[in-house]
Amino acid sequence: MRAWIMGFLVPGLALAQTPAVEILGKALPVVAGPMPSERLRDLAGGPGNSGIDVKIRRSARRTGFLPAVEVPRGEVLAITHEISSPAGWQAYRVDTAPGEKIHARLRADHEPWFVVKCVNRNGQLEQGMLQNLIRTGNPEATYVNPGKGPVTVYFVVDTTEILTGKEPYVLTLTREKVNGAGEPAKP
């Protein structure tokens, strides 16, 4: 009897999860990203990197705004994109509804080479982003909209290494409604 119940329960749980909508990052509309700030400082440039490569990367990062694309609405989105050289970063503009939680998680062949940050238009932290200051060891970030109106935030994918080629990755964005305490809302 137990095996019969498990036979129906496990596939039912797998079907209950919302499948991710797969999107190519290069197909998304290009928008102005956040402004560079101390929060978005360059993480590459340690031992083993040539001085000229570091200078080229830092020069490429001196722009008015980060390169960004606009993310459409959707419960679970999987954006396939790649980091282009020499700057080594890409921003994703996400509009959030009041009481909504957005979680961004990056998957790649070389995950330790990536960092995901959540910032506002000025490249700074604000309420709803402070939990990202606690490192998890994974390239991920979360935003919880604490306000009563919609808010636009940017998830920035940055690299910790100076990459000479294009490094592909998949950024999965998951949306869920939360209550005032930051916990998932009960249906």
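The values are calculated or read from the model by the stated rules, or taken from the named source; none is laboratory data. None of the values given here were measured: they were computed from a predicted structure. Because the Cβ atoms are built from the backbone with ideal geometry, glycine has one as well, and the counts that use them run over all protein chains shown. Surface areas here come from the heavy atoms of the whole protein model, side chains and all, with no ligands, DNA or RNA. Shrake-Rupley method; radii C 1.70, N 1.55, O 1.52, S 1.80 Å.
Summary of values
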item: Matching strands (runs of 3 or more DSSP E) fully within the stretch 27-132 where at least 3 residues are crowded, with 16+ Cβ neighbours inside 10 Å; result: 76-83, 89-96, 100-107, 114-119
item: Test: residue in the stretch 9-18 that is within 26 Å of N132 (Cβ to Cβ), open to solvent by less than 70 Å² (accessible area, probe 1.4 Å) and modelled with pLDDT under 85; result: yes
item: Subset tally (residues that are among the hydroxyl-bearing types (S, T, Y) and in a loop (DSSP other than H, G, I, E, B)) for the stretch 149-168; result: 2
